[in-house]
Each structure stands twice: as structure tokens, then as C-alpha cells.
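The values are calculated or read from the model by the stated rules, or taken from the named source; none is laboratory data. Quick caveat: nothing in here was measured; it's all calculated off a predicted structure. Heads up, the Cβs are rebuilt from the backbone with ideal geometry, glycines too, and the neighbour counts pull from every protein chain shown. Ligands, DNA and RNA are stripped out before the accessible areas are found, and what is left, the full protein with its side chains, is counted by its heavy atoms. Shrake-Rupley method; radii C 1.70, N 1.55, O 1.52, S 1.80 Å.
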Number of protein chains: 6
Amino acid sequence: MLSARNQFPGVVKSVKLGNVMAEVVVEVGTLEVVSLISRTSAEQLNLKVGDSVTAIIKSTEVMVAK
Amino acid sequence: MLSARNQFPGVVKSVKLGNVMAEVVVEVGTLEVVSLISRTSAEQLNLKVGDSVTAIIKSTEVMVAK
Amino acid sequence: MLSARNQFPGVVKSVKLGNVMAEVVVEVGTLEVVSLISRTSAEQLNLKVGDSVTAIIKSTEVMVAK
Amino acid sequence: MLSARNQFPGVVKSVKLGNVMAEVVVEVGTLEVVSLISRTSAEQLNLKVGDSVTAIIKSTEVMVAK
Amino acid sequence: MLSARNQFPGVVKSVKLGNVMAEVVVEVGTLEVVSLISRTSAEQLNLKVGDSVTAIIKSTEVMVAK
Amino acid sequence: MLSARNQFPGVVKSVKLGNVMAEVVVEVGTLEVVSLISRTSAEQLNLKVGDSVTAIIKSTEVMVAK
């Protein structure tokens, strides 16, 4: 169990690989969650369109606008 | 327009104030998004239960689990 | 109004686009603020040298050295 | 030499101690930079109003609004 | 499997609870890793001294000094 | 002295340069710490395999899994 309180199950919509980084878009219900991780991580997870994944965000990283 | 690509409209479900920090829970559809911001920010935004807000997350802060 | 308390108006000095990421340098008075965002964000904002922008930083991300 | 590219010399304007966290406001020229660090760090650095310090921010943490 | 590439098994050395935040110190071999999470997370994980845990850090959050 | 409480001395094991970003792997005892910084930072630090460096992480960025 991970301390990060934002854990949102979804499906990979796209994976874009750069040299060092990768951009992964995850559909979480009607939301699109964009993640920037290392290319190595994307490859180690073997992320592909359609994969069931969980987008995870530490709460200290979430801002609020009103 | 803000560069952060994760911007999720929702409603404040709870606000807990500490001395320095505040925990804000935002209902985004069926998801609960937890945010840890400064107490001063929570007060400046005058965050209250039921407020319409947007939870915002920079993409570099989003991890993926598979 | 955004909870992030560090919001510094400035002018774009440079934009460098990678495959996935972009580096944006913003002149804030006499300071240079460097930002690493997704290439997609830089393109969506259509960031160009000379643009008036605001550099924004969540307070939990700021360290202090003495 | 630290990889973080945003290093802004300034003067401590205020220190607020909570149980776990501390809020430090640093005047950097005409800007106010707000930092949230652990109370333990604030105590280890012995941060006091008027101290000469440097506010430091990793570039991946900087957003841009336009 | 989580995309965060820094995952370090260790043992909880101390837990300090504030109103909103908690500070957890994890011994990882001869290193001490300090984590600031929400009090709620610390309680949900029921973190106690001596627990076997893993400290996890997204690579975008790691700086290098030389 | 820097407020970031996680400062781990080690040796550079690899440096991979992208267009905008760089991935640096640091051996800290028996651990491998992965850092994603800007290519410019990696070049300014002139990071090379075998360099003695310190991996630095702000405590708000550390999660705990149990």
C-alpha cells in the first residue's frame, strides 16, 4: 500500500517516447491524465495503448484553483 | 492558460487546516483528489465545502503503475 | 485564483523543444527562471520569445539554502 | 554546484513553525518567494528573519501561464 | 509495478504526526531517508517504528550536486 | 547548507543526454538513484561516469509504501 493518496485506475490512451522522457496519457473515466516519466520506466513497464494502469499522484503535488 | 495539463473541475468535499498546511479533498466526478497546500493559500482562496474548484497537477508529478 | 503562491510575471527569453519536453527560460526582472514542461504544453501555449508569461511554482517545491 | 537551475539569493522575511512543517518567506529583490519545508530543516538551518539565504527550485517544478 | 525508479527498502525509524502532515524517517541501510506525507496517509498505513517499508521517489525529483 | 534533508553521496554510473533532459544514475552504496535533470544542468556540472556527486531529494517528494 502506497502513501500517495491519489490513485486513479484507467487505460493507456497514448505513449510517446523521447530519448530520455516519455509522455503517457491515461484515460480515467472521462478525464485524461498526462504523465511524464522516464523512457526507461515506460519501457520497463512495457506501456502500450489499451493497458490497464493506475495514475498515481502524491498529494503535495496537487494545487487548487478557485 | 496554464502549462499544467491536468486540470480537473470538481467540488470541495473537505478542508482540514493545520498550523502551516491544509488538506483539501476535491470530488472530481467519482474520484476524490487530495491536495496538500499551505494554510495561507487555503485561507486566501477562502476554500469551503461545496466550492467549485479545479484540481491542478503538473504532468511531471504523475506516476504510472501497471 | 491558483493556490500556488509563487507567481512571477516575466518575459520568455528562450524556448527549446525536445521530442517530449521543452525548456522555457523566463526573465523575471533581473532573474532567469528555468521551466521544464511538456513539448505539448509549450505548443498549446504557443510560447515564443518575447511573450508575457507568469512563472508559477508550488511552495512545497521551494528549498532554502543558508 | 547543484543541478537545480533556479537559485535566487534573498533575505528571510518570515518563518512560521508548525508541528511538522515550516513556512519560510524569502524576499528576492521585489519578489516574495514562499517555501514549505520541514520544521526540522528550518531549525537545523536556524532560519531567522533577516538571514541571507538562497531560494532553490528544480526546473521540473516550474510551470508557465500565458 | 510502479514507474518511480527509486524504490528503497528500509525500516521505519521514527514517525512524527502533525495536524495535517507527518514526518517519517526510514533507515535504508546506512542512509536515513526523510519523507513528508499526510497524517492521514501515515495513519492509513499504520506506520510504526520498526515497520518494513519502501521509500519511493520519482526520478524527476532527484537533483545532483557535484 | 541546504534544507533538503535527503543528501546521499555517491558516484555517477551513467549519463544519458536527450535534447532537453538528461538521465543520471548515481550509485549510492548498493543503491542506484536515478535523477532526471535538464541536459543543460548535466552539461554545466560536466557530469561524467565516475564523478563523485551527491543525490539530493526534498522530503516532500518521498513516498512510503508498506
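Within the accessible area of the protein assembly as shown, the carbon and sulfur atoms contribute 50%, probe 1.4 Å, all protein chains present. Couplings for the stretch E:45-57, taken from phi via the Karplus curve 6.51 cos²θ - 1.76 cosθ + 1.60 with θ = phi - 60°, read 7, 6, 5, 9, 3, x, 5, 7, 9, 10, 8, 10, 9 Hz in order; Gly and Pro are left as x. For the protein assembly as shown, the gyration tensor built on C-alpha atoms gives a rounded shape. Its axis ratio a/c (a ≥ b ≥ c) stays under 1.5. Think of it as helices only: each DSSP H run of n ≥ 4 in chain B is worth -39500 (n - 2.57), and spread over all residues that comes to -2000 deg cm²/dmol at 222 nm. Pairs spanning more than 31 Å between alpha-carbon atoms, out of D:Lys13/F:Lys16; A:Lys16/B:Lys48; B:Lys58/D:Lys13; A:Lys48/E:Lys48; E:Lys66/F:Lys66: D:Lys13/F:Lys16; A:Lys16/B:Lys48; A:Lys48/E:Lys48; E:Lys66/F:Lys66. As a length-normalised measure over Cα pairs under 8 Å and 6 or more apart, the relative contact order of chain D settles at 41 percent.
Less than 5 angstrom separates the built amide H of B:Ala4 from those of D:Val64, all sequence-distant by 5 or more or on a different chain. The calculated FRET efficiency for the pair C:Gln7 and F:Gln44, based on their C-beta separation and a Förster distance of 22 Å, comes to about 0.25.
Rounded to the nearest 20 debye, the dipole size of the stretch F:6-57 about its Cα centre is 100 debye, using +1 on the Cβ of Lys and Arg and -1 on the Cβ of Asp and Glu. Here each label is just a point 7 Å from Cα along the line to Cβ, and for A:Ala65 and B:Ala65 those points are 2.9 nm apart. Annotation for the B:A interface, with buried accessible surface near 3100 Å², both sides summed [1.4 Å probe; non-protein components not counted]. A 1.4 Å probe run over the protein assembly as shown, with the rest of the protein chains in place, finds 35 Å² accessible per residue.
Backbone geometry of the stretch C:13-22 corresponds, through the Karplus equation with coefficients 6.51, -1.76 and 1.60 at θ = phi - 60°, to 3J(HN,Hα) couplings of 9, 7, 9, 10, 9, x, 6, 10, 10, 9 Hz, x marking Gly and Pro. Taken as Cα centroids, chain F and the stretch B:17-66 sit 29 Å apart, rounded to the nearest whole angstrom.
Take A:Lys13, move 7 Å from Cα toward the beta carbon, and the resulting point lies 2.3, 3.6, 3.6, 4.0, 4.4 nm from the same point in each other copy, nearest first.
Dipole magnitude of the protein assembly as shown about its Cα centre, charges +1 at Lys/Arg Cβ and -1 at Asp/Glu Cβ only, in debye to the nearest 20?
Working: 42 positive and 36 negative charges, 0 e Å.
In debye, rounded to 20, the protein assembly as shown gives about 0.
Largest to smallest in accessible area, the residues A:Lys16, E:Lys48 fall in the order E:Lys48, A:Lys16 (1.4 Å probe, all protein chains included). Proximity of backbone amide H atoms, modeled 1.01 Å from N, is registered between A:Met21 and A:Arg39 at under 5 Å, excluding neighbours fewer than 5 places apart on the same chain. Please report the net charge: other residues with Cβ closer than 12 Å to the Cβ of D:Glu32, K and R +1, D and E -1. Here the charged neighbours net out to 0. Distances between copies at F:Ala65, taken between label points 7 Å from Cα along the C-beta direction, are 0.7, 2.9, 3.2, 3.2, 3.5 nm in increasing order. When chain A is turned onto chain B, its residue with the beta carbon nearest the axis, and that distance in whole angstrom, is A:Glu61, 2.
Between identical copies, the spacing of A:Gln44 label points, each set 7 Å from Cα toward the C-beta atom, reads 2.4, 2.6, 2.8, 2.8, 3.7 nm from nearest to farthest.
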